[in-house]
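What follows draws every value from the coordinates through simple rules; no lab data is involved. Since the structure is predicted, the reported quantities are computational estimates derived from the model, not experimental observations. Positions of Cβ are backbone-derived with ideal geometry, glycine not excepted, and every protein chain shown enters the neighbour counts.
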Amino acid sequence: MKILFVCLGNICRSPTAEAVFRATAARELPELALTVDSAGTAGFHVGEPPDRRTREAAARRGYDLSGLRARVVAPRDFETFDLILAMDRQNLRTLEGRAPADARERLRLFLEFAPQSGMLEVPDPYYGGENGFEHVLDLIEQAALGLCAALRAGEAVPQTRGPHAG
Ligand code: 4NP
């Protein structure tokens, strides 16, 4: 199972989702072989580590983002990943515009897996205050648990890519 998280810059939301989901899945679904990665739709920060505020907020909850580096979504990602989860609608639309037709059913909003949050988009924290980074973590932790539950139930991934495909 290969899952890609996507935001705009790949220095705040999607690297947080990558690290939080990796840790959550290791705890909740230890038997599942997973590839987890993140990327941005824009290239402003390619090669950079996650934003300092993002790293510090994540570290306070026990997630280490220091080894991650920003990259842009590549055409191959649409072949490689079983599920491509956007942080907001703008990035989902960008992905829909770049994806081949047969990949579109694998594109979703990450917060679909956190219905109890009442939100569908992880707000961009980049130009906001410190509290924005805590809010991003709260939403992502909820969605990471929800995604684990959906994977366990076989509900997250289209049948064509699921564990029983082919
Ligand atoms: P991200 O946040 O998409 O969550 O990584 C942003 C990072 C950088 C910029 C915007 C959003 N930027 O404009 O440079």
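Some values worked out for this structure:
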read-out	value
Exposure proxy ranking, count of Cβ atoms within 10 Å, fewest first, for CYS7, CYS148	CYS148, CYS7
Distance in nm between pseudo-label sites at LEU34 and MET119 (7 Å out along the Cβ direction from Cα)	2.1
Size of charge dipole - region 2-153 - debye, nearest 20, with Cβ of Lys, Arg +1 and Asp, Glu -1, no other charges	200
Coil-residue chymotrypsin sites (Phe, Trp or Tyr not before Pro) of region 15-91, DSSP, other Cβ within 10 Å capped at 13	PHE44
Relative contact order %, the chain, counting alpha carbon pairs below 8 Å whose residues are six or more apart	26
Most fluctuating residue given options ARG76, ARG55, ARG152, as computed from a GNM of the chain linking Cα atoms under 10 Å	ARG76
Choice from VAL122, VAL46, VAL136 with maximal GNM fluctuation in the chain (Cα, 10 Å cutoff)	VAL46
Semi-axis lengths (Å, descending) of the ellipsoid that matches the C-alpha gyration tensor of region 2-153	20, 19, 15
In region 13-99, the GluC sites (Glu not before Pro) that fall in loop regions by DSSP, at most 11 other Cβ within 10 Å	GLU31
